[in-house]
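Structure first, commentary second.
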């Protein structure tokens with residue numbers, strides 16, 4: 001093995017005075033570093049692509065879940081409207097039956113016919129307006145009469161609180 005010596009310029013030389021093996025080693029090391037950088041860049045790009053694919057998959061899954069929830073909510077809304085309409089038809093039918101079977105004359109007849117008429121009209125309103133129509137009407141009543149609406153709300157709250165406390 002040749003012993004390296006230092007030249008006046010600070011480069012290591014072997015006994016023959018050549019700097020080739022050291023330069024070649026540095027060149028090989030530089031090439032290895034460049035190859036490592038290239039491999040790291042390729043791995044980084046692959047990880048980025050995989051993350052993007054996962055993000056797209058999650059986005060598609062969330063979209064599908066959102067559409068499913070929206071569809072279920074719409075179905076529930078339609079069912080509630082159908083049930084409300086059905087209940088209104090039942091109440092209307094009850095009012096009509098009361099009108100037919102209740103007394104028609106005298107003070108009791110007048111009162112029973114008034115009740116039957118009110119029940120029939122209420123059933124017709126529920127049947128025709130449905131749940132959304134009733135909510136719209138209730139909102140309008142609250143807008144026109146805010147103070148009484150708040151007082152009724154407080155009163156109902158107090159009653160519910162007392163019932164639950166007992």
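Looking at the stretch 68-82, is at least one residue modelled with pLDDT of 90 or more, part of a helix (DSSP H, G or I), touching a helix residue (DSSP H, G or I) at 6+ places or on another chain (Cβ under 6 Å) and surrounded by 10 or more Cβ atoms within 10 Å (Cβ to Cβ)?
For the stretch 68-82, residues modelled with pLDDT of 90 or more, part of a helix (DSSP H, G or I), touching a helix residue (DSSP H, G or I) at 6+ places or on another chain (Cβ under 6 Å) and surrounded by 10 or more Cβ atoms within 10 Å (Cβ to Cβ): absent.
Given the options 17, 55, name the one that is in a helix (DSSP H, G or I), modelled with pLDDT under 80 and farther than 30 Å from residue 130 by Cα.
Only one candidate passes the filter, namely 55.
Any residue that is under 36 Å from the mean Cα position of the chain (by Cα) and within 18 Å of residue 135 (Cβ to Cβ) - is there at least one of those in the stretch 89-111?
No, the stretch 89-111 contains no residue that is under 36 Å from the mean Cα position of the chain (by Cα) and within 18 Å of residue 135 (Cβ to Cβ).
Could you look through the stretch 130-162, keep only residues that are within 30 Å of residue 102 (Cβ to Cβ) and in contact (Cβ under 8 Å) with a residue 24 or more places away in the chain, and pick out the one that is nearest to the chain's Cα centre (by Cα)?
My answer is 131.
Given 115, 119, which one is part of a helix (DSSP H, G or I), over 23 Å from residue 133 (Cα atoms) and modelled with pLDDT of 85 or more?
So the residue among 115, 119 that is part of a helix (DSSP H, G or I), over 23 Å from residue 133 (Cα atoms) and modelled with pLDDT of 85 or more is 115.
The values are calculated or read from the model by the stated rules, or taken from the named source; none is laboratory data. Predicted model, so just to flag it, every value in this text is computed and none were measured. Cβ sites come from the backbone with ideal geometry, for glycine too, and all protein chains shown count toward neighbours.
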